[in-house]
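This report refers to the structure that appears directly beneath it.
The values are calculated or read from the model by the stated rules, or taken from the named source; none is laboratory data. All values derive from a computational prediction rather than experimental measurement. Every residue, glycine as well, gets a Cβ built from its backbone with ideal geometry; the counts of neighbours run over all protein chains shown. Accessible surface is based on the protein model in full, side chains and every heavy atom, while ligands, DNA and RNA are left aside. Shrake-Rupley method; radii C 1.70, N 1.55, O 1.52, S 1.80 Å.
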Amino acid sequence: MQALLNAIETITPGGDARRIFHGRGGRYPGCEHWVLDAFPPVWVLTSFRNVEESELTTIGEALAAHWQRVASPTEPLNWVFQCRATGAIETRLMSGTIPQPHEVTESGLRYLVHLLKGQNHGLFLDMAEGRRWVHEHVELVRSTQGFRPKVLNLFSYTCAFSLVALDAGAEQVVNMDMSKGALEVGRQNHKLNGLSSGALFFAHDIFNSWGKLTRGGPYDLVIVDPPSYQKGSFIATKDYARLMRRLPTLVAPGGHVLLCLNAPELGLEFLLEGMREHAPELTYVSRVANPPVFSDTDEDRSLKVLVFRQN
């Protein structure tokens, strides 16, 4: 636990939403189950196995002692513990309060998050570099090719990719996700950032919506960020190939695909081989590096964000 306690000593109040400690990367022996995130003004500690109350007490005391040193006397310590041991998800508010609504920032944009329900909080912190790539790519297309790109955002969740694309000057972003609740948060996120036009929201099953997607295309950028395993929605080992086969018909000539997968058991070659077999018209360009704090002893197990280009 010492590596986690050392990370706590680096905490500073405020700032963007971010990861503080990533034990899951395997770089801190004995701490592989611990993760600490900042969703200011709340800190979220997550364990992927059951832990003793005495361990939480030790961590809570370390947080409180450090907070007393770095925060103003009027700024309370707010922190949440979530246990994601196999077969159980438990979330507890350990100290302080959580703002309602709870807004966090990343690179100048604002996002609504919810920390006390479910395991997904509304913003995936490991995708920060993917969002930065989208913003820079849209800006590059505008400046070098002289047009505002059209974007398709599949498995859009709360539409973070849509925010960065529109903020960078995309003409339109089509967001599609089966979850009406996630898309509603996405709509609120757009309003929160003053992005009142350019976004479309479709609560559809992607695999039953090829006609709608094709008629709306082609797209200059297609973003694919599915869950790795979600019954009734997407199972990567079975469904990614079906999706890959459709990509060439959705992408405009010279357009790009951002292909994402967060499944430790499926390495980089799973995506590369799949694209070679099912979408040979798309050429592999590069892998977007993950944020440094998410470094892994085996990068093949970490989040994979790959860029492809239509020939």
Given Lys150/Lys231; Lys180/Lys238; Lys191/Lys231; Lys191/Lys238, the pairs whose alpha carbons are separated by over 27 Å: Lys150/Lys231; Lys191/Lys231; Lys191/Lys238
At most 15 other Cβ within 10 Å, DSSP loop - trypsin sites (Lys or Arg not before Pro), the stretch 212-261: Lys231
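Taking only DSSP H segments of four or more residues, each worth -39500 (n - 2.57), what value at 222 nm results for the chain once the sum is divided by all its residues, to the nearest 500 deg cm²/dmol?
Values: 8 runs with 97 residues, N = 311.
It comes out at -9500 deg cm²/dmol, rounded to the nearest 500.
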In the list [x] 60, 46, 37; [y] 53, 43, 37; [z] 57, 39, 35, the entry giving Cα extents along the principal axes in Å computed from the coordinates is [z]
So what's the net charge close to Gln68: Lys and Arg +1, Asp and Glu -1, counting the other residues with Cβ under 15 Å from its Cβ? -2
Förster radius 22 Å - calculated FRET efficiency between Val70 and Arg18 (Cβ-Cβ, nearest 0.05): 0.90
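So if we plug the beta-carbon distance of Ser54 and Leu200 into 1/(1 + (r/R0)^6) with R0 = 45 Å, what FRET efficiency do we get, rounded to 0.05?
0.30
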Using protein chains only and a probe of 1.4 angstrom, how many square angstrom of Ser143 are accessible, to the nearest 10? 90 Å²
Binned Cα-Cα distance frequencies in the stretch 1-145 - 10 Å width, integer %: 10, 39, 34, 12, 5, 1
For Asn6 and Arg142, FRET efficiency with R0 = 35 Å and r from the beta-carbon atoms, rounded to 0.05? 0.20
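With N set to the number of residues, divide the alpha-carbon radius of gyration of the stretch 108-153 by 2.2 N^0.38 Å and report two decimals.
Numbers: Rg = 14.4 Å, N = 46, 2.2 N^0.38 = 9.4 Å.
The stretch 108-153 yields a ratio of 1.53.
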Would you work out the relative contact order for the chain, in percent, from Cα pairs under 8 angstrom that are 6 or more residues apart? 13 percent
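Give me the mean projected area, in nm² to one decimal, of the convex hull enclosing the Cα positions of the stretch 102-196. Before the final figure, lay out the partial values.
Details: hull surface 23.7 nm².
Across all orientations, the stretch 102-196 yields a mean hull projection of 5.9 nm².
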Rounded to the nearest 20 debye, dipole of the stretch 102-230 from Cβ charges on Lys, Arg, Asp, Glu: 360 debye
For the stretch 157-250, count all C-alpha to C-alpha pairs, find those more than 21 Å apart, and express that count as a whole percent of the total. 33 percent
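Note the full-extension length gain between Ser179 and Tyr229 as 0.36 nm times their separation in residues minus their Cα-Cα distance, in nm to one decimal.
Numbers: separation 50, 0.36 × 50 = 18.00 nm, distance 1.53 nm.
Gain in length upon complete extension: 16.5 nm.
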Rounded to a whole %, the carbon-and-sulfur portion of the accessible area of the chain at a 1.4 Å probe is 50 percent
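If you restrict to DSSP beta bridges whose two residues both lie in the stretch 12-152, what percentage is antiparallel, to the nearest 5? Before the final figure, lay out the partial values.
Values: 20 of 25 bridges.
Close to 80 percent.
Can you give me the accessible area per residue for the chain, using a 1.4 Å probe, in Å²?
On the way: 14140 Å² over 311 residues.
Dividing the accessible area of the chain by its residue count gives 45 Å².
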Based on C-alpha coordinates, I'd like the Rg and Dmax of the stretch 205-308, in Å. 13.8, 44
Tell me, in nm to one decimal, what length is gained between Arg242 and Glu103 on full extension, where the rule is 0.36 nm per residue of separation less the Cα-Cα distance? 46.4 nm
Share of antiparallel DSSP beta bridges in the chain, in percent to the nearest 5? 60 percent
Please report the net charge: other residues with Cβ closer than 13 Å to the Cβ of Val42, K and R +1, D and E -1. -1
If you consider only alpha-carbon coordinates, what radius of gyration and Dmax does the stretch 3-62 have, in Å? 11.3, 31
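Taking the Cα centre of the stretch 212-253 as origin and charging only Cβ (+1 Lys, Arg; -1 Asp, Glu), how large is the dipole, in debye to the nearest 20? Numbers along the way, then the final one.
Details: 7 positive and 3 negative charges, 53 e Å.
That gives the stretch 212-253 a dipole magnitude of about 260 debye.
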